[in-house]
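Before any comments, here is the structure.
The values are calculated or read from the model by the stated rules, or taken from the named source; none is laboratory data. All values reported here derive from a predicted model rather than from experimental measurement. Counting neighbours? That spans all protein chains shown, and the Cβs are built from the backbone with ideal geometry, glycine included. The area values use the complete protein model at the heavy-atom level, side chains included, leaving out ligands, DNA and RNA. Shrake-Rupley method; radii C 1.70, N 1.55, O 1.52, S 1.80 Å.
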Amino acid sequence: MEKFVPVVVIKELSETDKILTALKNNGINTAEITFRTACAAEAIEYACKNYPDMSIGAGTVINAEQCEAALAAGAQFIVSPGLSVSVAKICNERNIPYYPGCVTPTEIMQALELGITTVKFFPANIYGGLKALKALAAPFPQIKFIPTGGVDRSNIDEFLAFDKIAAIGGSFFVKEALDKMEEK
Ligand code: 3PG
């Protein structure tokens, strides 16, 4: 997976081009389009069709129904704020990467039982940031993390320096890309 996973909230389908173009122009070829808005599935379908060189996934997927909708739309990976066993099973069956939110040893053990070795650490800032992540990583050498939530330019480098980081997630990538595009 790529190192940066922008958390994308698309309120209107018409915003999709602007956001994805801004990300691409900023060197980012991944987008986690969140199931927090009514047009999420439609936006994923549009993005997969029109940005075939990007890795388009679905975020904030909290149940099997949303997971099915995301996969039908073409999502190439699934992210959840927590761990859903039903979502994990669907993704396992279809060979789709699933990154569930895990912040406790019990959740990580459950992820491992489901065959998952990369988890989202969310909300990273509230659950103790890098210090907590390092402590959590110690007993699970096979696990990699995607810290998300409260990660931004001010602390991204310290996370990136830790070798158990698979990628960094965050909405700030979108804001940064749009701001840069606006400056031009
Ligand atoms: C998410 O769903 O992953 C978070 O809302 C992202 O958190 P951030 O806005 O602090 O990056």
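Brief remarks on what is shown
- Helix-only [θ]222 nm of the chain, DSSP H runs n ≥ 4, -39500 (n - 2.57) each, per residue, nearest 500: -12000 deg cm²/dmol
- Shape category assigned to segment 1-85 from the gyration tensor of Cα positions, a/c cut at 1.5: prolate
- Dimensionless Rg/Rh of segment 59-105 - Kirkwood Rh, Rg from C-alpha atoms: 0.94
- Surface calculation, 1.4 Å probe, protein heavy atoms: Lys175 sits at approximately 130 Å² accessible.
- Checking the cross-link pairs Lys3/Lys89; Lys89/Lys175; Lys18/Lys89; Lys11/Lys164; Lys24/Lys89; Lys11/Lys49 against a 30 Å limit on the alpha carbon distance flags Lys89/Lys175; Lys18/Lys89; Lys11/Lys164; Lys24/Lys89 as lying beyond it.
- Based on Cα atoms of segment 88-184, Rg over Rh with Rh as the Kirkwood radius reads 1.04.
- A protection proxy built from the mean count of other Cβ atoms within 10 Å ranks the segments 91-101, 119-129, most packed first, as 119-129, 91-101.
- Remark on Lys120: its backbone amide H falls under 5 Å from those of Gly101, Cys102, Ile146, a criterion applied only to residues 5 or more positions apart or on other chains, H modelled at 1.01 Å from N.
- Qualifying trypsin sites (Lys or Arg not before Pro) for segment 28-92 [loop in DSSP, other Cβ within 10 Å: at most 14]: Arg36
- Most to least accessible of Lys11, Lys184, Lys24 (protein chains only, probe 1.4 Å): Lys184, Lys11, Lys24
- log₁₀ of I(q)/I(0) at q = 0.09, 0.10, 0.15 Å⁻¹ - the chain, Debye sum with one point per alpha carbon: -0.29, -0.36, -0.82
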